[in-house]
């Protein structure tokens, strides 16, 4: 568990570094004459003159995730969160880092498992913990109060499948490659303020093999939504 | 503004790192885990009778043999007998008359075994543990399968022995079936006893091959 926390903190630290670096670049780009400006305007945007064009993006989200064809834990729930931040290299193309975590859980009713000369009867609680992190790229269609985008995340995923039987946990951890296409939108209802809201729908796939006991989980397919804040 | 953003990100990072969900173990039904193994070469129909002692060996902190002999112990032994009766076996009055023997052991504490040598089976050297000599003229135990017992407290071990096997100092007393029933104590003796009895029922339920 401490290892997971250390990894998460390291990822978040990387995110913070990115944020700090991006801010420094933003500051340099806007330089002295525009120092007090909180945003510049995109002359190529149809919403020019009315809405700001932000060079950086940060999203902190509550995450809901459902698994697809996963024997460890099925269902759709909201035990997760996501953090990402980046910088728009152009008015449309942004690049950054992300990290998220999620736990899917399922109660498995009392069942008898028999193999060869052995049989076991028990009920179980299954959990599947996923922690992907890496780089994110997004294409923003336009800047304005509503800023829709499409994006893709890619990186590594740490996953841990655990079955709790009779008070003891048996687990299988794995690492894999992670990829996730996403569509989303930032909503900035406040004039000249970067604070806003964020919503996204995503699919993700990781090559992790978390097969455990009699439960197949080779290749993790998920879908879900994220809802949070943007700034 | 920059400071605020930094603080917000730091808070978010801390939240991400610390908010792993704990499993909801309250969802578990509280019944005992039941694990059984058998020697697949056993011809059950070749056996007709069985013997179950009316006491249960307690594996705990004591360094002298301690047996559980009260009404609760008898109830568990009677549950075993009832299931064997249902499968067509006849209860013998003495172990000498029986084809099968069933020995019951209850693990009340694991403290004694923490530093114990585990060769070949950790419970063998517990003082007062069921001995082949208790059952007859056998030199040692013989398991037809690998055994994976747990060290958990509040466990009931059941072992069924083939008393029709050849005897002799060099002969093994074959263990043809065993069961391991385990779960937490609730603090309510009657409730725990009922769960243990249901565990015995389940052990036979998942061993349909035990049939005369």
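List of remarks:
- All positions within segment A:152-181 that are under 12 Å from the mean Cα position of the chain (by Cα) and surrounded by 20 or more Cβ atoms within 10 Å (Cβ to Cβ): A:153, A:157, A:178, A:180
- All of A:125, A:199, A:187, A:183 fail the test of being farther than 19 Å from residue A:78 by Cα and touching a strand residue (DSSP E or B) at 6+ places or on another chain (Cβ under 6 Å), apart from A:187.
- Matching option when the condition is surrounded by 20 or more Cβ atoms within 10 Å (Cβ to Cβ) and more than 27 Å from residue A:165 (Cα to Cα), among B:88, B:101, B:71: B:101
- Residue list for segment B:40-49, filter: touching a residue at least 60 places away in the same chain (Cβ under 8 Å) and surrounded by 11 or more Cβ atoms within 10 Å (Cβ to Cβ): B:40, B:42, B:44, B:47, B:48
- Residues of segment B:174-212 classified as closer than 17 Å to residue B:77 by Cβ and in contact with a helix residue (DSSP H, G or I) (Cβ under 7 Å, 6 or more places away or on another chain), total: 9
- Residue A:197 being away from every other protein chain (no Cβ under 14 Å) and surrounded by fewer than 21 Cβ atoms within 10 Å (Cβ to Cβ): yes
- Those strands (runs of 3 or more DSSP E) of segment A:46-128 in which 2 or more residues are modelled with pLDDT under 90 and over 21 Å from residue A:199 (Cβ atoms) are absent.
- Residue within segment B:177-190 that is closer than 18 Å to residue B:53 by Cβ and either more than 11 Å from chain A (Cβ to nearest Cβ) or over 17 Å from the mean Cα position of the chain (by Cα) (or both) present: no
- Out of A:145, A:136, A:90, one residue alone is under 13 Å from the mean Cα position of the chain (by Cα) and under 30 Å from residue A:56 (Cβ atoms). It is A:136.
- Considering residues of segment A:147-171 that are touching a helix residue (DSSP H, G or I) at 6+ places or on another chain (Cβ under 8 Å) and either part of a strand (DSSP E or B) or under 22 Å from residue A:208 (Cα atoms) (or both) only, the residue nearest to the other protein chains (Cβ to nearest Cβ): A:164
- Positions within segment B:28-79 being within 14 Å of chain A (Cβ to nearest Cβ) and in contact with a helix residue (DSSP H, G or I) (Cβ under 7 Å, 6 or more places away or on another chain), in sequence order: B:31, B:32, B:34, B:36
- The lone criterion from (1) in contact (Cβ under 8 Å) with a residue 24 or more places away in the chain; (2) at the interface with another protein chain (Cβ under 9 Å from one of its Cβ atoms); (3) closer than 23 Å to residue A:222 by Cα left unmet by residue A:122 is number (3).
- Residue match in segment A:80-91 (condition: within 7 Å of another protein chain (Cβ to nearest Cβ), surrounded by fewer than 15 Cβ atoms within 10 Å (Cβ to Cβ) and out of contact with any strand residue (DSSP E or B) (no Cβ under 8 Å at 6 or more places or on another chain)): no
- Some residue of segment B:133-146 being closer than 22 Å to residue B:67 by Cα, within 17 Å of the chain's Cα centre (by Cα) and within 13 Å of chain A (Cβ to nearest Cβ): no
The values are calculated or read from the model by the stated rules, or taken from the named source; none is laboratory data. Everything numeric here is computed off the predicted structure, so don't read it as measured data. Using ideal geometry, Cβ is built from the backbone for each residue, glycine included, and neighbour counts are taken over all protein chains shown.
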